[in-house]
1. Please identify, among THR32, THR52, THR86, the residue showing maximal mean-square fluctuation in a Gaussian network model of the chain using a 10 angstrom Cα cutoff.
2. Mind checking the dipole of the chain: about its Cα centre, +1 per Lys or Arg Cβ, -1 per Asp or Glu Cβ, Debye to the nearest 20?
3. Connecting C-alpha atoms closer than 10 Å in a GNM of the chain, tell me which of ALA37, ALA140, ALA167 has the biggest fluctuation.
4. Applying the Karplus parametrisation 6.51 cos²θ - 1.76 cosθ + 1.60 with θ = phi - 60° to the phi angles of region 162-178, what ³J(HN,Hα) value in whole Hz is obtained for each residue in order, glycine and proline being reported as x?
5. Calculate the tail of P(r) for the chain: the fraction of all Cα-Cα distances greater than 25 Å, expressed in %.
6. Amide H neighbours of CYS170 under 5 Å, at least 5 residues apart or on other chains, H built in the peptide plane: list them.
7. Using +1 at the Cβ of each Lys and Arg and -1 at the Cβ of each Asp and Glu in the chain, identify which of ILE42, TYR101, THR21 lies farthest towards the dipole's positive end.
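Since every read-out is calculated from the coordinates, none of them should be taken as a lab result. Just so it is clear, the structure is predicted and the values come from calculations on it, not from any experiment. All Cβ positions, glycine included, derive from the backbone under ideal geometry; neighbour counts span all protein chains shown.
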Amino acid sequence: MLQTTNYQLCQWEPSDRILRTDFNRDNKKIDTALAAAAGQSILRPIREIVTTESATSIRIQLDDIDWSQWQSIVVDAELLSNNKGTVKIEFDNSTEVGSAYSNGESVQESSRYGPSRLILFCNQNVQCSVNALSLCYQTAEFLPLSHRFSYISYLDYSGAITNLTFAVGCRFRIWGVK
């Protein structure tokens, strides 16, 4: 019986006798290889949120994140709105942690701006003070804050500064960095 180069998976000829054990052995090899590859990636998806209603602010729940498991948390926001402008990002409606940008264009047109990115450096310590790096269209800011990760419940994205209304289809991707 022939085998593949990388994982020695079975390659059958029409005349070969095929057994269930051959398939089971190959499935175990594939499963082991995929698990090893997934374990090597430092960036892991936590959740993706797509808005289904228009709104002047969007709340992203974070109270279920175990900050002690991550070096940092990355929040990518693809914001769609009625016009272009800066968006304020706050923890629990009180502490500003950065800004984002809405280009006021369709999803197809928004690709040239890329998502706004907020990186929260938690260093696997819930009692650590928040350090945040906010990256968006033509803006980058680092914010050392007195807020502790153990008290964070949510992020609010607010278009009130520039009178924005967020459209349906805003996409948030939350990643953890091991």
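1. Highest fluctuation of the listed residues: THR32.
2. With only Lys, Arg, Asp and Glu charged at Cβ, the dipole is about 360 debye.
3. Of ALA37, ALA140, ALA167, the most mobile in the Gaussian network model is ALA37.
4. Per-residue couplings from phi come out as 10, 6, 8, 10, 6, 8, 4, x, 5, 10, 10, 10, 10, 10, x, 10, 6 Hz.
5. Above the 25 Å cut-off, the chain has 46 percent of its Cα pairs.
6. It is THR51, LEU80, by chain and number.
7. Toward the positive end, the furthest listed residue is THR21.
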